[in-house]
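Trainee: This is the structure I have questions about; it appears just below.
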């Protein structure tokens, strides 16, 4: 992100950025024109896929208000060099935070993609699934809301959980080649829950709810435990992902 868009605090209640301070200190419109030109030059250096922080986006939108009244204006600086503001502005989109070209005379505040896309609803719940949701930094785009289901990769040798946005997604990023995964599954004679066991260095009681008010309880020790079924396997596998896991999974 451009250096002068970083925030420094002048007073605890009134954070002021470097470029805002320059704007306040400017005595002549010629100085403000130069500030806007520097701003646009710095926006041109930001990578096209970068997402600007929301607070910086708000600042850029305020600068856009000042730019609109001066777009295309020419002036002579103190050295006699003729300078000119562009007729369009590079500004981060309020919908996704990605920089786009805002054109006159309207000078839109959202990019074309965000203007043409409606709000996306979360996928419907399915029995036995837990939906995960993150609000994100923006309404849309790479840092917009994300949701999905926690899924165990369907590859027979994979123990990774991933976030799936639809029922059709069954494989993690490393095993997204469905054909290879299916070939690997055909070579296996046992199901996944029959080829891995859960082990604890010291005897431990592990329990999880079944959603009907009851719970399933297991006592796991160094001798190991084989899950009863695929659901039991997934529930126990989640326990191995805790910050301080009491059990671990081993391949037979």
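Trainee: If we keep just the residues of the stretch 149-168 that are over 19 Å from the mean Cα position of the chain (by Cα) and free of Cβ contacts under 8 Å to residues at least 24 places away in the same chain, which is farthest from residue 238 (Cα to Cα)?
Mentor: For the stretch 149-168, the residue satisfying everything is 168.
Trainee: Now a separate question. Taking the criterion of being assigned to a loop (DSSP other than H, G, I, E, B), modelled with pLDDT of 90 or more and farther than 24 Å from residue 113 by Cα, would at least one residue in the stretch 48-69 satisfy it?
Mentor: Within the stretch 48-69, one or more residues are assigned to a loop (DSSP other than H, G, I, E, B), modelled with pLDDT of 90 or more and farther than 24 Å from residue 113 by Cα.
Trainee: Residue by residue through the stretch 155-176, note down the ones that are exposed (fewer than 12 other Cβ atoms within 10 Å of the Cβ) and modelled with pLDDT under 80.
Mentor: 166, 168
Trainee: Determine if the stretch 186-197 includes at least one residue that is outside the structural domain of residue 94 (by TED's automatic domain parsing) and under 30 Å from residue 57 (Cα atoms).
Mentor: Within the stretch 186-197, none of the residues are outside the structural domain of residue 94 (by TED's automatic domain parsing) and under 30 Å from residue 57 (Cα atoms).
The values are calculated or read from the model by the stated rules, or taken from the named source; none is laboratory data. Please read all numbers here as calculations on a predicted model, not as lab measurements. All Cβ positions, glycine included, derive from the backbone under ideal geometry; neighbour counts span all protein chains shown.
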